[in-house]
Amino acid sequence: MYDQRELMLPATQLTAITGNLHAWAAFQTEWKTFFNSYALATTAGILLIDPTKPAPAVLQALDKLGEVTGIVLTNANHDRDAGWFRKHYATQIYAHEQAPADCATTIDVLVVDGEKLPGGLTAIHLSGVAAGEMALFSQDDGGLLMIGDAIVHPAGTGLALLPEQFLEDRQVARQSLHKLLDYTFQVATFSHGEPIVGHANQKFAAFLRSHH
């Protein structure tokens, strides 16, 4: 099996989404899609979400954000370059307790649904999507929700479920997504697609009502 990372064009730009959140995106040449990664500033330091190794200039910009104190994977398939970052920053990788069953990278800290991660992030397990799929919620910036693969938001389109061939169980996935309505968030990010900045939870509510 080939290494996905060999087909990845590294990110060349670090973009601020909010004052606490920055993003960079690698381009996967076979699937012709961007893989988003994030750096979230918290009270416990900088957390990296689903990181890919960027170009040197972006890595230097990441270093300037502050001390990296953890790496969080939103599902088993998003280990990407997490092992490299763990070594580079001498930190730990966090993922849902089901992630190791389908993850090529060793996870240091296993978390469960509802558990608080460093910096106050809440892990929200989403069944039916991929092994260990979880969203991440922060109360900062009026509420921030970070989505792995469960929902995509391509530029110029609305919210969409991950295509069915990539879901473990479409019906279960739809049901589990309604857990997200228990949270109030103004900003939402996605592993695949553009962020929503402003009134994100209203847009999620409308989308989920249409996929009941």
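Restricting attention to region 10-33, and to residues there that are out of contact with any His (no Cβ under 9 Å at 6 or more places or on another chain) and of a type in the set (G, A, S), which single residue is surrounded by the most Cβ atoms within 10 Å (Cβ to Cβ)?
By that ranking, first place goes to A26.
Report yes if some residue within region 100-111 is closer than 24 Å to P163 by Cα and touching a His at 6+ places or on another chain (Cβ under 7 Å); otherwise report no.
No - not one qualifying residue is present in region 100-111.
So for region 161-169 (the condition being exposed (fewer than 14 other Cβ atoms within 10 Å of the Cβ), in contact (Cβ under 8 Å) with a residue 24 or more places away in the chain and either among the β-branched types (V, I, T) or touching a His at 6+ places or on another chain (Cβ under 7 Å) (or both)), does at least one residue qualify?
no
Results for (1) closer than 17 Å to N75 by Cα; (2) of a type in the set (S, T, N, Q); (3) touching a Lys or Arg at 6+ places or on another chain (Cβ under 8 Å), shown as yes or no for each residue.
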{"site": "G128", "(1), (2), (3)": "yes, no, yes"}
{"site": "L145", "(1), (2), (3)": "yes, no, no"}
{"site": "D149", "(1), (2), (3)": "yes, no, no"}
{"site": "G156", "(1), (2), (3)": "no, no, no"}
{"site": "A173", "(1), (2), (3)": "yes, no, no"}
{"site": "S176", "(1), (2), (3)": "yes, yes, no"}
{"site": "D182", "(1), (2), (3)": "no, no, no"}
{"site": "R209", "(1), (2), (3)": "no, no, no"}
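Return the residues of region 62-119 that are polar (S, T, N, Q), surrounded by fewer than 14 Cβ atoms within 10 Å (Cβ to Cβ) and in contact with an Asp or Glu (Cβ under 7 Å, 6 or more places away or on another chain); say none if nothing qualifies. Talk me through it step by step, then tell me what you get.
Here is the first cut: in region 62-119, the residues polar (S, T, N, Q) are 69, 74-75, 77, 91-92, 98, 105-106.
Restricting the remaining residues to those that are surrounded by fewer than 14 Cβ atoms within 10 Å (Cβ to Cβ) gives 106.
Passing the criteria: none in range.
Would you check if T52 is in contact with a Pro (Cβ under 8 Å, 6 or more places away or on another chain) and either assigned to a loop (DSSP other than H, G, I, E, B) or under 25 Å from H125 (Cβ atoms) (or both)? Working first, answer last.
Numbers: in contact with a Pro (Cβ under 8 Å, 6 or more places away or on another chain): yes; either assigned to a loop (DSSP other than H, G, I, E, B) or under 25 Å from H125 (Cβ atoms) (or both): yes.
Yes, satisfied.
Residue by residue, here is whether (1) free of Cβ contacts under 8 Å to residues at least 40 places away in the same chain; (2) under 30 Å from G66 (Cβ atoms); (3) in a helix (DSSP H, G or I) holds:
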| site | (1), (2), (3) |
| --- | --- |
| S127 | no, no, no |
| A131 | no, no, no |
| L136 | no, yes, no |
| L177 | no, no, yes |
| L180 | no, yes, yes |
| T189 | no, yes, no |
| F204 | no, yes, yes |
| L208 | yes, no, yes |
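Take the conditions closer than 17 Å to A26 by Cα, buried (at least 16 other Cβ atoms within 10 Å of the Cβ) and among the hydrophobic types (A, V, I, L, M, F, W, C) and apply them to A55. Does it pass? I'd like the intermediate steps shown before the answer.
Details: closer than 17 Å to A26 by Cα: yes; buried (at least 16 other Cβ atoms within 10 Å of the Cβ): yes; among the hydrophobic types (A, V, I, L, M, F, W, C): yes.
Here the answer is yes, as A55 does meet what is asked.
Of the residues A57, A23, which single one is among the small types (G, A, S) and without any contact (Cβ under 8 Å) to a residue 60 or more places away in the chain? If you could, list the steps in order and put the result at the bottom.
Working: A23 fails: without any contact (Cβ under 8 Å) to a residue 60 or more places away in the chain.
Only one candidate qualifies: A57.
For region 15-42, how many residues are within 16 Å of the chain's Cα centre (by Cα), assigned to a loop (DSSP other than H, G, I, E, B) and either among the aliphatic types (A, V, I, L, M) or within 27 Å of P163 (Cα to Cα) (or both)?
1
Part of a helix (DSSP H, G or I), in contact (Cβ under 8 Å) with a residue 24 or more places away in the chain and not acidic (D, E) - does that describe any residue in region 152-159?
Looking for residues that are part of a helix (DSSP H, G or I), in contact (Cβ under 8 Å) with a residue 24 or more places away in the chain and not acidic (D, E), one finds none in region 152-159, hence no.
Return only the number of the condition from (1) closer than 24 Å to L144 by Cα; (2) of a type in the set (A, V, I, L, M, F, W, C); (3) in contact (Cβ under 8 Å) with a residue 12 or more places away in the chain that A16 does not satisfy.
The number of the failed condition is (3).
Go through region 138-151 and give me each residue that's crowded, with 22+ Cβ neighbours inside 10 Å, touching a strand residue (DSSP E or B) at 6+ places or on another chain (Cβ under 8 Å) and either in contact (Cβ under 8 Å) with a residue 40 or more places away in the chain or over 19 Å from H96 (Cα atoms) (or both). Write out each step before concluding.
We begin by selecting, within region 138-151, every residue crowded, with 22+ Cβ neighbours inside 10 Å; these are 138, 144-151.
Next, from what is left, pick out any that are touching a strand residue (DSSP E or B) at 6+ places or on another chain (Cβ under 8 Å): 138, 144-148, 150-151.
Hits for region 138-151 are S138, L144, L145, M146, I147, G148, I151.
Read-outs: derived from the displayed coordinates by stated rules, not from any lab. Just so you know, these numbers come straight off a predicted model, no measurement behind them. Please note: Cβ atoms are built from the backbone with ideal geometry, for glycine as well, and neighbour counts cover all protein chains shown.
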